[in-house]
Amino acid sequence: MTLAGKKIAILIAPRGTEDPEFKQPKEAVQAAGATVTVVGIETGEAKTNIGDLDQGSSYTVDNAVSEVSANDFDGLVIPGGTVGADKLRANPEIVSFVTAFFEQAKPVGVICHGPWLLVEADVLKGRKVTSYSSIRKDIENAGGIWVDQEVVTDKGLVTSRKPDDLAAFCAKIIEEFAEGKHPEQARSA
């Protein structure tokens, strides 16, 4: 399956995004032919974590969220990491950016603690999703239907639980990005 000609955004926090949940989807989408743009709160370098506690790698942030729009992209990847997801959901511009992908019916892939951004964006009502188990109640309180599965797809929204699920997650986001817009995606925006 090819993503040639597709433009995909991937979010990263200034410190705290889970390294494999950032690196592996980014590499998988690029290998499928997409152009990937790293979007953060501000430009510069962003350091990732491994297991929330150990230092990961450093990545260049291509654009600050204030410099881009969901209009510029065909899909979005939201990695997890407890600290990173919390920093991202506390930023109103990031939350608006995420919401716009749902309003525009564009596919979104989210893993681990990343669904915290979906809670903040208020786009989970009636959506079947999975996540790291500790945020189950947050998702349910936001109207989502939480399930414990490796990967869950709900009309353009792909979610997974943890780094162990990355192979299935990466395969499914490539499939959803290749399919393009999902009109049902806008139902929860």
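Every number here is computed from the coordinates shown, using simple stated rules; none is lab data. These figures come from a predicted structure and were not determined experimentally. For neighbour counting, all protein chains shown are included, and Cβ atoms are generated from backbone atoms with ideal geometry for every residue, glycine included.
Structure above, values below:
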read-out	value
Cα pair count fraction exceeding 24 Å, expressed as % - the chain	26
Environment charge of residue 28, counting only residues whose C-beta is closer than 14 Å and scoring Lys/Arg +1, Asp/Glu -1	-1
Top of 156, 114, 33 by mean-square fluctuation, Gaussian network on the chain, Cα under 10 Å	33
Candidates 108, 95, 129: whichever shows maximal mean-square fluctuation once the chain is modelled as a Gaussian network with Cα springs under 10 Å	95
Computed log₁₀ I(q)/I(0) - Debye formula, equal Cα scatterers, no solvent, the range 120-171, q 0.17 Å⁻¹	-0.46
Mean ellipticity per residue at 222 nm, deg cm²/dmol - from DSSP H runs of n ≥ 4 across the chain, formula -39500 (n - 2.57)	-9500 deg cm²/dmol
Interchain or long-range residues, amide H under 5 Å from residue 56's placed H	48, 49, 50
